[in-house]
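Student: Please see the structure below; I have some questions.
The values are calculated or read from the model by the stated rules, or taken from the named source; none is laboratory data. None of these values were measured; they are calculated from a predicted model. Please note: Cβ atoms are built from the backbone with ideal geometry, for glycine as well, and neighbour counts cover all protein chains shown. Surface areas here come from the heavy atoms of the whole protein model, side chains and all, with no ligands, DNA or RNA. Shrake-Rupley method; radii C 1.70, N 1.55, O 1.52, S 1.80 Å.
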Amino acid sequence: MSRINYLRISVTDRCNFRCRYCIPEGTKKFIPHSEILRYEEITEIVRVFTEFGIDSVRLTGGEPLVRKGIESLIVQIRELKEIKDISLTTNGFFLSEKVKSLKEHGLDRVNISIDTLEPEKFGFITGTGDTRALSRVLHGLEKAIEEGLNPVKVNTVLIKGFNDKEIESFVKLSENYRVEVRFIELMPVGGKFFSRKNFVSSTLIKKQIEKNFGKLIPVKTRGNGPAKSFIVEGTNAKLGFVSPISEHFCSSCNRVRLTSDGKLRLCLMSDKDIDLKTIIRNPTYRRPHLREVITEALLRKINIDGIRALENRGCLRKMFTIGG
């Protein structure tokens, strides 16, 4: 087990998109606002986690930019001297109008989720039906590059029969924008949308890229996350591969997750979580108690078999309530 130094924080389960593998069609119930962690509560939890070696934080959703005043949370976390890196994963729709403020308030870098470069398909997969949405997201990508939120990365979930013919387009996107495109294997999270028949392995993607573009050369990246990064020989394209299905990486996992309703999730595929919100909202809250609970939780992480959980049933909680 790697050293745990990375905390992913979902700040909301709301999103302006309804991506079909994230928020299943027909979803109507969301977490009541009163049950969502307040920014001060999130910061207190992060403060305690820094005592255990957490130095990198990623803000996710839902869509984190739909939550009002997200910049104030970034400021609060930035004030913790132990935190070296604050990043954000977004669908990019609101990025062009928010990126300057995010940078000024202390955000270091950003990942943008883009699953297709065809406007009509984009409208379909995001559940918006808006063929103009893609151009707005790409504009947000350009603004993020201009503002220096580097490295800017693009997250792409390949789905057989939907966007698996766009690999070449994404390689060209990486080369043209000088951003890393990360191909992420479709995971069994999100209800009925996941199916083995929709699965595209990283191995297959790599073979296609090397056939059409050239040799993939491994490169080192910051941190110890699940992505394996490569450059395409003779080009400016940089590509990452996240392979939770075909290449289990439990032994190198360096992260834990905090859901928007205050649950500490030790493994994405395991539905065993720890309620931190009840502790922190107790009128008699004391930091040593939270520290003790987190200590016990991190010791439990060693014994969680994410591979078995994945093979047995996958994650029952929907992705938009977890934060990825």
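Student: What's the angle, to the nearest 10 degrees (0 to 90), between helix 133-146's Cα axis and the longest principal axis of the chain?
Tutor: On a 0 to 90 degree scale, this one is about 70.
Student: With both bridge residues required to lie in the chain, what share of the DSSP beta bridges run antiparallel, to the nearest 5%?
Tutor: On the way: 13 of 43 bridges.
Among the beta bridges of the chain, antiparallel pairing accounts for roughly 30 percent.
Student: Something else now. Would you mind working out the magnitude of the charge dipole of the chain relative to its Cα centre, with +1 at each Lys and Arg C-beta and -1 at each Asp and Glu C-beta, to the nearest 20 Debye?
Tutor: Details: 56 positive and 40 negative charges, 100 e Å.
The dipole of the chain has a size of about 480 debye.
Student: If you don't mind, there's one more thing I want to ask. Straight-line reach from K215: which lysines have Cα under 26 Å away, leaving out those fewer than 8 places along the same chain?
Tutor: Straight-distance partners of K215: K153, K160, K165, K172, K206, K207, K228, K238.
Student: Further question: How much accessible area does F183 have with a 1.4 Å probe, in Å² rounded to the nearest 10?
Tutor: 0 Å²
Student: Carbon-plus-sulfur fraction of the accessible area of the chain, 1.4 Å probe, in percent?
Tutor: Working: 7450 of 14860 Å².
After summing per-atom areas, the C and S share lands at 50 percent.
Student: Also, quick follow-up: Please work out how much accessible surface Y21 shows to a 1.4 Å probe, ignoring ligands, DNA and RNA, in Å² rounded to 10.
Tutor: Its accessible surface works out to 40 Å², give or take rounding.
Student: Can I ask one more? Kindly report the accessible area of the chain per residue (heavy atoms of protein chains, probe 1.4 Å, no ligands, DNA or RNA), in Å².
Tutor: Details: 14860 Å² over 324 residues.
Spelled out: the 1.4 Å probe surface of the chain, per residue, equals 46 Å².
Student: Now for a separate question. Assuming 0.36 nm per residue, please report the length gained on full extension of the stretch R291 to H33 beyond their Cα-Cα distance. Before the final figure, lay out each step's value.
Tutor: Working: separation 258, 0.36 × 258 = 92.88 nm, distance 2.59 nm.
Extra length available between R291 and H33 comes to 90.3 nm.
Student: Now for a different question. Treating the stretch 1-75 as a set of equal point scatterers at the Cα positions, no solvent, please give the Debye-formula log₁₀ I(q)/I(0) at q = 0.23, 0.24, 0.25, 0.27 Å⁻¹.
Tutor: Rounded to two decimals, the profile gives -1.09, -1.14, -1.18, -1.28.
Student: Using 1/(1 + (r/R0)^6) with R0 = 30 angstrom and r between the beta carbons of K272 and K220, what's the FRET efficiency to the nearest 0.05? Walk me through the intermediate numbers first.
Tutor: On the way: r = 33 Å, r/R0 = 1.11.
Plugging the Cβ-Cβ distance into 1/(1 + (r/R0)^6) gives 0.35.
Student: Please find the FRET efficiency linking S72 to N198, where r is the Cβ-Cβ separation and R0 is fixed at 56 Å, and quote it to the nearest 0.05.
Tutor: Working: r = 39 Å, r/R0 = 0.70.
After rounding, the FRET efficiency stands at 0.90.
Student: OK, next. Work out the count of Lys pairs in the stretch 29-135 where the Cα-Cα distance is under 17 Å, with the pair 8 or more places apart or on different chains. The partial results should precede the final answer.
Tutor: Values: K68/K98; K68/K100; K68/K103; K84/K103.
Lysine pairs, 8 or more places apart or on different chains, close enough: 4.
Student: Mind telling me which of P283, P218, P119 comes out most flexible in a GNM of the chain, alpha-carbon contacts under 10 Å?
Tutor: Its mean-square fluctuation being the largest, the pick is P283.
Student: Given R₀ = 51 Å, what would the calculated FRET efficiency be for E120 paired with T284, taking r from the Cβ atoms and rounding to 0.05?
Tutor: Numbers: r = 56 Å, r/R0 = 1.09.
About 0.35, to the nearest 0.05.
Student: For C253, list long-range residues whose amide hydrogen, built 1.01 Å from N in the peptide plane, is under 5 Å from its own amide hydrogen.
Tutor: Distant-sequence amide H within range of C253: S2.
Student: Which one, G161, G106, G148, has the greatest fluctuation when you compute a Gaussian network model over the chain with C-alpha springs under 10 angstrom?
Tutor: G161
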